[in-house]
Amino acid sequence: QVTLRESGGGLVQGGGSLRLSCRPFGAVASISEMAWYRQAPDKEREWVASLIIGGIPRYSTPMKGRFTISRDNFGSTLYLQSTNLEPDDTAVYYCRARDFRSGRDYWGQGTQVTVSS
């Protein structure tokens, strides 16, 4: 079992930056991949970026260049650094972790990011 806790969201002015964090608890050693998704109001959840543990980050094409995913190998916390934020980036940002033993995905509760124009 894995529990994920996101933090770092908030209100930011257009052009600003934020760093989101996702801290895993529980069976952390069984996590093989972590990722960020977001869901804007009245839209479907979309993939932002993902990181296979020990691998190379991958980004959704529209997010590339403004978002950077990374992981603290000591504490296993996942980060999403965003720059030059736009109002269209307003969404709830979710963290996902995959357990390689069960193949199950775990989701966090989400953290709200609001970008003002």
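The values are calculated or read from the model by the stated rules, or taken from the named source; none is laboratory data. Predicted model only: the values in this text are computed from it and were never measured. A quick note on method: Cβ atoms are made from the backbone with ideal geometry, for glycine too, and the neighbour counts reach across all protein chains shown. All accessible areas refer to the heavy atoms of the entire protein, side chains included, with ligands and DNA or RNA removed. Shrake-Rupley method; radii C 1.70, N 1.55, O 1.52, S 1.80 Å.
Among the residues making up the range 41-69, those that are open to solvent by 20 Å² or more (accessible area, probe 1.4 Å) and of a type in the set (Gly, Ala, Ser) are GLY54, GLY55, GLY65. Just give me the residues in the range 19-44 being under 12 Å from the mean Cα position of the chain (by Cα) and over 14 Å from ALA97 (Cβ atoms), in sequence order. If the condition is that a residue be under 12 Å from the mean Cα position of the chain (by Cα) and over 14 Å from ALA97 (Cβ atoms), then ARG19, LEU20, ARG38, GLN39 are the ones that fit.
Among the residues of the range 90-111, those identified as touching a residue at least 60 places away in the same chain (Cβ under 8 Å), assigned to a strand (DSSP E or B), farther than 11 Å from GLY9 by Cβ and of a type outside the set (A, V, I, L, M) are CYS95, ARG96, ARG98, ASP99, TYR106, TRP107.
Counting only strands (runs of 3 or more DSSP E) that sit completely within the range 1-74, those holding 1 or more residues that are in contact (Cβ under 8 Å) with a residue 40 or more places away in the chain correspond to 2-7, 10-13, 18-26, 31-39, 46-52.
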